[in-house]
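Notes follow once the structure below has been shown.
Coordinate-derived values only; no laboratory data. Predicted, not measured: the structure shown is a model, and the values here were computed from it. FYI the Cβ positions are ideal-geometry reconstructions off the backbone, even for glycines, and counts take in every protein chain you see.
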Amino acid sequence: GVIGASVTGGAGLDATGITHASQWRITSGFNGSGVITANWAEADAPVGFGVMGASMTQSSGEFTFPATGYWYLIGHGYFTENNTSSLYLGFQINTTIDNSTYATAAIKYTQMVGGNNVHAQSNVFYIFDVTDTSQCKCKFQVSHQNSVSNGANANVLYTGATFMRLGAT
């Protein structure tokens with residue numbers, strides 16, 4: 001197929017193509033494990049950033065989708081080891097289809113070896129069928145041993161998420 005070409009038929013294909021895409025990042029780093037609940041911001045810098053369609057919304061790290069459809073979720077985790085005894089870090093996407101019960105949808109573990117100030121990145125991916133925007137939501141979570149910092153920047157994507165609506169459900 002040709003990128004940008006319209007689709008006129010086929011089971012499950014959406015003739016409109018990608019209608020929503022945006023990136024979010026945390027603007028302030030933190031130590032510790034758990035769901036990332038604070039300091040989320042949609043990318044608004046540097047020059048050339050893009051947001052396509054209606055934006056995601058989030059409250060305390062729980063993301064709500066602006067439209068139903070198949071969504072491609074990418075979690076980006078950036079970490080710095082603060083001592084020599086941290087051995088692993090994990091980054092995961094949690095989803096719910098009932099606005100209550102979350103399950104781990106995707107998880108990636110990365111080994112950290114080498115001592116103080118070792119940097120590592122962990123990316124995780126998931127295709128989520130959002131059938132109801134009030135019930136289907138997602139969160140991003142980190143887990144690690146001992147002392148690891150989660151990297152952040154107000155103007156560059158270190159730790160964050162990319163959301164892209166692939167087509168109709």
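Computed from the C-beta positions of Thr16 and Thr101 and an R0 of 25 Å, the FRET efficiency is 0.20 to the nearest 0.05.
Modelled this way, with points 7 Å down the Cα-to-C-beta line, the labels at Thr64 and Asn31 are 3.5 nm from one another.
For Thr133 and Met52, the difference between the fully extended length at 0.36 nm per residue and the C-alpha to C-alpha distance is 27.4 nm.
In this simple spin-label approximation, Asn155 and Ala168 carry label points 7 Å from Cα along the Cα→Cβ vector, and these lie 4.3 nm apart. Taking 7 Å steps out from each Cα toward its Cβ at Lys108 and Phe125 produces label points 0.9 nm apart.
Over the C-alpha atoms of the range 30-75, the Rg to Rh ratio, Rh being the Kirkwood estimate, stands at 0.99.
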